[in-house]
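The values are calculated or read from the model by the stated rules, or taken from the named source; none is laboratory data. If you're wondering where the values come from, they're calculated on a predicted model, not measured in any experiment. Quick reminder, even Gly has a Cβ in these numbers, built from the backbone with ideal geometry, and neighbours come from all protein chains shown. In case anyone asks, the SASA skips ligands and DNA or RNA and just uses the protein heavy atoms, side chains included. Shrake-Rupley method; radii C 1.70, N 1.55, O 1.52, S 1.80 Å.
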Amino acid sequence: KIMNLIDKLETMHSLDTEEYAYLVAGRDDDAAEVLAHKAVSIRKKIYGNAVFVRGLIEISNVCKNNCLYCGIRRSNSSCSRYRLTQEQILGCCQEGYDLGFRTFVLQGGEDPALTDEIICGIVRQIKMNFPDCAVTLSLGEKLRESYQSLFDAGADRYLLRHETANPQHYEKLHPSDMSYFNRMSCLGNLKEIGYQVGCGFMVGSPWQTPDCIAEDLKFIEQFQPAMCGIGPFIPHGATPFKNQAAGTLEMTTYLLSIIRLISPGILLPATTALGTIHPTGREQGILAGANVVMPNLSPVNVRSKYELYDHKICTGEESAECRNCLNNRMQAIGYEIITDRGDPRPYG
Ligand code: 5AD
């Protein structure tokens with residue numbers, strides 16, 4: 001039955017929610033291998049052996065939210081807070097440009113001091129200095145007007161993981177000042193404004209069941225994001241989830257393959273979290289159907305402060321080292337990181 005579902009997914013790019021749940025709950029090594037093979041072959045038709053690269057700049061770890069899983073949550077008083085200046089951010093972009101990056105991702109907590117005016121100014125500066133680059137923002141939930149201003153300032157893409165498509169599960173991961181409804185309406189607004197939008201979720205977050213994952217997959221199928229970020233949940237020692245189990249490499253790569261088949265042209269990163277739970281996690285992500293890597297371009301002295309989860313990799317290296325290391329890792333498995341904005345390519 002599971003092989004029939006995989007064939008159906010490959011041809012229809014869609015399953016019923018119950019079928020997704022069965023595919024997830026009933027997985028075994030054979031199913032994973034078949035899925036990965038199909039995922040890689042469809043991705044190769046669209047992207048060849050190219051891997052896109054994004055330079056991640058962690059612009060602030062100040063956050064007004066208190067997500068139970070996250071190391072930079074408001075209540076974590078052991079987190080040493082920082083905020084980059086415009087000059088520092090532009091410096092990171094220059095360094096990245098010279099290393100061949102053509103997309104910069106400005107990511108941060110929901111920092112009230114980073115007003116729309118400030119971010120718009122930074123986006124304008126980046127687009128002026130590096131007109132052949134794309135700017136991606138990953139700064140959390142904002143009013144529709146704010147998203148519009150940032151788009152008008154030149155931002156091309158926005159990453160906002162939906163975290164879970166099950167409202168009850170969402171409530172268990174987030175305190176009551178956040179809401180599933182608001183998160184979903186932010187994603188809708190971003191899409192309507194014209195951003196290339198990325199959603200995504202953690203694999204193995206507390207209370208996640210195959211039914212939750214099935215809802216995530218159905219949501220991705222219906223929302224049709226340009227990008228989807230998934231990585232294992234990893235506990236952070238200074239959060240309420242410190243004693244919870246981490247998500248697994250196996251489940252994450254299995255889901256990467258499924259998402260590739262749901263949406264063949266999607267941009268799918270092999271995340272830092274995946275590289276953190278296993279030494280070759282990112283390579284295995286690519287070999288399961290991912291096609292993006294996002295090395296860190298943040299100044300080395302703030303890297304260990306942007307700690308969403310424990311034992312995060314690449315917090316000591318210079319940007320050039322990270323870039324080289326990933327080049328080598330991708331080459332070793334037959335892939336090549338290319339100097340390109342890395343826009344989604346249409347399928348079919
Ligand atoms: N483990 C893994 N991923 C995490 N994130 C936040 N905290 C953790 C954690 N403990 C993810 C969330 C968020 C993204 C920026 O990082 O999904 O959207």
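A few remarks follow.
- Verdict on F201 being within 16 Å of the ligand (Cβ to nearest atom), of a type in the set (F, W, Y) and in contact with a Gly (Cβ under 9 Å, 6 or more places away or on another chain): yes
- The requirement of being touching a residue at least 12 places away in the same chain (Cβ under 8 Å), in contact with a helix residue (DSSP H, G or I) (Cβ under 6 Å, 6 or more places away or on another chain) and under 22 Å from F223 (Cα atoms) is fulfilled somewhere in region 23-33, by at least one residue.
- The set of residues from region 315-329 being within 20 Å of V292 (Cβ to Cβ) and either without any contact (Cβ under 8 Å) to a residue 60 or more places away in the chain or among the small types (G, A, S) (or both) comprises E317, S319, A320, E321, C322, N324, C325, N327, N328, R329.
- Residues in region 204-214 that are open to solvent by 10 Å² or more (accessible area, probe 1.4 Å) and more than 16 Å from the ligand (Cβ to nearest atom): T209, P210, D211.
- Residues of region 1-53 classified as outside any helix (DSSP H, G or I) and either in contact with a His (Cβ under 8 Å, 6 or more places away or on another chain) or more than 17 Å from E250 (Cβ to Cβ) (or both), total: 11
- Residue that is more than 24 Å from T276 (Cα to Cα) and within 12 Å of the ligand (Cβ to nearest atom), where the choices are R183, R157: R183
- Within region 52-70, the set of residues being of a type in the set (S, T, Y) and open to solvent by 10 Å² or more (accessible area, probe 1.4 Å) comprises Y69 only.
Residue-wise test of (1) at pLDDT 95 or above; (2) in contact with a Lys or Arg (Cβ under 7 Å, 6 or more places away or on another chain); (3) within 12 Å of the ligand (Cβ to nearest atom).
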site: A238; (1), (2), (3): yes, no, yes
site: A245; (1), (2), (3): yes, no, yes
site: T248; (1), (2), (3): yes, no, no
site: I258; (1), (2), (3): yes, no, no
site: A270; (1), (2), (3): yes, yes, no
site: A273; (1), (2), (3): yes, no, yes
site: T280; (1), (2), (3): yes, no, no
